[in-house]
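First up is the structure itself, then whatever we jot down about it.
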Amino acid sequence: MTERNAILQAARLWLGTPYLHQASLRGAGCDCLGLVRGVWRDMYGAEPEETGAYTPDWAEATKQERLADAGFRHLTPVSVQAFAAGDVLLFRWRPNVPAKHCAIATSRETMIHAHDGASVCEIAITPFWKRRVAFAFAFPDVEN
């Protein structure tokens, strides 16, 4: 079993990592998916699949729920209303477009994420973010 506290500790090690599109190297650079991938490696070892290259507009261009589909393959879906610390959150920027941003919840009110122009940080899940949560997933074998 994986403890939620261990996930939070692993995620917090990424704080301050500069944003770098398609990267996943703690301290050197990562994007939002790279953060989740890095925490996965810290908790479970090798990543379950290759992510492949993606462009900033891939969600709009493909209209496919690539992040959510990967979540359903490798994580455990949880209710968006019932996510807990250590869960992965996926966000839509606008209605009717695929989710393309992810974060790790550190509580019901806070999350760690990476976004363009800033380092990995822990922030409040404000109404802006709450309106955009589209999916929530627990890491495999998480102890509640």
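Considering only region 56-144, give the strands (runs of 3 or more DSSP E) lying wholly within it that have at least 1 residues that are over 13 Å from the mean Cα position of the chain (by Cα), hydrophobic (A, V, I, L, M, F, W, C) and surrounded by fewer than 20 Cβ atoms within 10 Å (Cβ to Cβ).
76-78, 121-124
Can you pull out the residues in region 33-81 that are touching a Ser or Thr at 6+ places or on another chain (Cβ under 9 Å) and of a type in the set (A, V, I, L, M)?
LEU33, LEU35, VAL36, MET43, ALA61, ALA70
Which residue pairs have Cβ atoms under 6 Å apart, sit 6 or more places apart or on different chains, and have a first residue in region 97-119 that is under 14 Å from VAL80 (Cβ atoms) and a second that is in a loop (DSSP other than H, G, I, E, B)?
ALA99/ARG92; ALA105/PHE83; ALA105/ALA85; ALA105/ASP87; MET111/ILE125
Residue by residue through region 25-50, note down the ones that are in contact (Cβ under 8 Å) with a residue 12 or more places away in the chain, assigned to a loop (DSSP other than H, G, I, E, B), among the charged types (D, E, K, R) and surrounded by fewer than 21 Cβ atoms within 10 Å (Cβ to Cβ).
ARG26, GLU49, listed by residue number.
Among the residues of region 29-55 satisfying the criterion of being farther than 16 Å from ALA138 by Cα and β-branched (Val, Ile, Thr), which is farthest from the chain's Cα centre (by Cα)?
If we take residues in region 29-55 being farther than 16 Å from ALA138 by Cα and β-branched (Val, Ile, Thr), then THR55 is farthest from the chain's Cα centre (by Cα).
Since every read-out is calculated from the coordinates, none of them should be taken as a lab result. Worth saying up front: this structure is predicted, and the values here are computed from it rather than measured. Quick reminder, even Gly has a Cβ in these numbers, built from the backbone with ideal geometry, and neighbours come from all protein chains shown.
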